[in-house]
Amino acid sequence: MPSVMISVDKDLPDDCAYVDALLQQSLKAGKVSRLMRNQLVVNAAGIPYRDGDRAFLFGVPEVCEALRVLEGHPVPDTTKGPFHYTSGPLEGLQKKHFFQASFIPQNILNELGRNGTGPVFREFAKKYGKDGFMGKPITQEDLKLIVETLVTGSLSARMDRREKYRDGGLTGEHIVFAETPVGNRYLCLSHHGEDFERVADAARVCLVDFPEIADCCPATTSKPEPLP
C-alpha cells in the first residue's frame, strides 16, 4: 500500500475537533504532546498506527478514560499500572495500560492462566449441587453459563482486582508519560512488544513541547546505548 502524506489539522478537522474536546475534558494539570494528540487524531480517523508490518488501531475514548484516571477524575480505574520503567532507554518514564476490545481475548486467557476452569465448576456446583452436573447432558443454559463465567466473569474479576493491586486489572496497550512537579506530560502511545528505542525516539521528539522532561528521563537528552 503506498504512503500518503497528510496534514492532520488541515485534512482531518472533524477528528481534530473530536480529540481536542475529549482531551480538554480529560486533563487537569497534565498536558498531551503534539505527537500523542496527532496519534489520537489519526486513530479517530481510522488510520492505524504502524510498526513495520503490524498495524494498531487505538481506541480514543479508551485512551482518554485512562487519562482521566491519571488526572485524578472520580472514575473507576480498571487497567494495570502505572508502572515505572526502571532500566533501559525509557528509565525514568512511566506507562499506564488502556483497555480496548481487541484485548478481551488476552485478558480472558490471562485470567484462565491464573484460575483455570475453577470458576466454571463453582458456578455449576451452585446450580446443580456439588456433583449434580457430572455426566449431565449439556443444555443451552449450561453453555450460556460457561460463556458468561469465562468472558464476563473473567473480565470482572480482573477489573475488581485493580482495586487492591497496582498490577491487577485489565491489560492493554500503553500511554507513556513523564511525571513532573507541575503535572504529567503524556508523550505517546505504544503497543505491547514495541522496541524501547523506538519509544525513546518518540520521547525525544516531545522535548520540543516539554523541555522539562529532560530531568525525568536521560534518554530524552542523549542517544541511549544499545541494551546488552
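Overview of values
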| item | result |
| --- | --- |
| Derived scalar couplings ³J(HN,Hα) [region 200-209; Karplus, 6.51 cos²θ - 1.76 cosθ + 1.60; whole Hz; x for Gly, Pro] | 4, 4, 5, 4, 5, 4, 6, 4, 4, 7 |
| Under 12 Å, Cβ to Cβ, from residue 40 - net charge with Lys/Arg +1 and Asp/Glu -1 | -1 |
| Sum of side-chain charges, residue 31 neighbourhood, beta-carbon under 14 Å (Lys, Arg +1; Asp, Glu -1) | -1 |
| Cα gyration tensor category, rounded, prolate or oblate, for region 1-95 with a/c compared to 1.5 | oblate |
| Relative packing of 44-55, 72-83, which averages over residues the other C-beta atoms within 10 Å, highest first | 72-83, 44-55 |
| Carbon and sulfur %, accessible surface of region 2-58 computed with the full protein complex present, 1.4 Å | 54 |
| Solvent-accessible surface ranking, highest first, for 128, 18, 186 at 1.4 angstrom | 18, 128, 186 |
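The values are calculated or read from the model by the stated rules, or taken from the named source; none is laboratory data. Please read these numbers as outputs of a predicted model, since none were measured by experiment. Don't worry about glycine lacking a Cβ; one is built from the backbone with ideal geometry, like all the others, and counts go over all protein chains shown. Heavy atoms of the whole protein, side chains included, go into the accessibility calculation; ligands, DNA and RNA do not. Shrake-Rupley method; radii C 1.70, N 1.55, O 1.52, S 1.80 Å.
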